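**Q** Before anything else, here's the structure in question.
The values are calculated or read from the model by the stated rules, or taken from the named source; none is laboratory data. Since we're looking at a predicted model, the values are computed, not measured. Positions of Cβ are generated from backbone atoms using ideal geometry, with glycine treated the same way; all protein chains shown enter the neighbour counts.
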Amino acid sequence: MRLILLGPPGAGKGTQAAFITEAFGIPQISTGDMLRAAVKAQTPLGIEAKKIMDGGGLVSDDIIIGLVRDRLQQPDCKRGYLFDGFPRTIPQAEALDRSLEAMGRRLTAVLLIEVPDDVLVQRISGRRICTDGHVYHVDFNPPEQDDVCDVDGNALEQRPDDAPEKVKRRLEVYHEQTAPLEDYYDDLGVLQRFDGTRSPDEVREHISATLSTLRLEESA
């Protein structure tokens, strides 16, 4: 199962990624994790990336693709993998296609979790968190007492990135940079859409049924 997980911030990708990797026994591949591992191991790509990041620059697509190629050669990727947070742009998607083709592989599916922007703003901006990390939501999981954690009595706060105006800006960036991937993968015939407004369990069941069918088709 060679998969890509797409969807805007707040769509529930983290929850579904955890399920997919456990249910199908495949690793979750994050470019952030790869960068940190390469820098820590001081690989040639890691050293190059560290120089760029230390200078305040953005790591180039060439370095990211190189990290991806190295990661896909590792033993735990033999059964497949789940890309989360990559690719983010059409050039990255095209580079990934070329890399997979050179390895004699192809994507099984691209999983898109769709949620309207107004729902996402409500989901994210309604989150409240205490200093010990307990999370609440003003609409879906409110504390017993306003702005006070039920567990430790600490004050609940809204993270700066969760403010409505910040959420809207994050969604604008997503639509500008990443949403075009939907058409790209739809044209390739590998895009699978899931309704992220449904409960996490319902989304999980839909994803599970879809991937189980695709796995049977591949093994036929």
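**Q** Name the pairs whose Cβ atoms lie under 7 Å apart, with the first residue in the range 21-33 and in contact (Cβ under 8 Å) with a residue 24 or more places away in the chain and over 15 Å from Gly46 (Cβ atoms), the second part of a helix (DSSP H, G or I) and of a type in the set (A, V, I, L, M), and 6 or more positions between them or separate chains?
**A** Phe24/Leu211; Gln28/Ala17
**Q** Residues Ile90, Ile52, Ile20, Ile29: which one is surrounded by 15 or more Cβ atoms within 10 Å (Cβ to Cβ) and within 27 Å of Glu172 (Cβ to Cβ)? Reasoning before the result, please.
**A** Values: Ile90 fails: surrounded by 15 or more Cβ atoms within 10 Å (Cβ to Cβ); Ile52 fails: surrounded by 15 or more Cβ atoms within 10 Å (Cβ to Cβ); Ile20 fails: within 27 Å of Glu172 (Cβ to Cβ).
Only one candidate passes the filter, namely Ile29.
**Q** Among the listed residues Arg198, Arg204, identify the single one that is without any contact (Cβ under 8 Å) to a residue 12 or more places away in the chain and surrounded by 13 or more Cβ atoms within 10 Å (Cβ to Cβ). Steps first, answer last, please.
**A** Details: Arg204 fails: without any contact (Cβ under 8 Å) to a residue 12 or more places away in the chain.
That would be Arg198, the only listed residue that is without any contact (Cβ under 8 Å) to a residue 12 or more places away in the chain and surrounded by 13 or more Cβ atoms within 10 Å (Cβ to Cβ).
**Q** Just to check your reading of the model, which residue among Glu176, Glu202 is farther than 18 Å from Leu3 by Cβ, at pLDDT 95 or above and among the charged types (D, E, K, R)? So that I can check it myself, show each step before the final result.
**A** Details: Glu176 fails: at pLDDT 95 or above.
The match here is Glu202.
**Q** Among (1) surrounded by 12 or more Cβ atoms within 10 Å (Cβ to Cβ); (2) more than 30 Å from Glu101 (Cβ to Cβ); (3) in contact (Cβ under 8 Å) with a residue 40 or more places away in the chain; (4) out of contact with any Ser or Thr (no Cβ under 8 Å at 6 or more places or on another chain), which single condition is Val167 missing?
**A** (4)
**Q** In the set Leu35, Leu6, Leu45, which member is surrounded by 12 or more Cβ atoms within 10 Å (Cβ to Cβ) and either within 13 Å of the chain's Cα centre (by Cα) or small (Gly, Ala, Ser) (or both)?
**A** Details: Leu35 fails: either within 13 Å of the chain's Cα centre (by Cα) or small (Gly, Ala, Ser) (or both); Leu45 fails: either within 13 Å of the chain's Cα centre (by Cα) or small (Gly, Ala, Ser) (or both).
None of the other options fit; the residue is Leu6.
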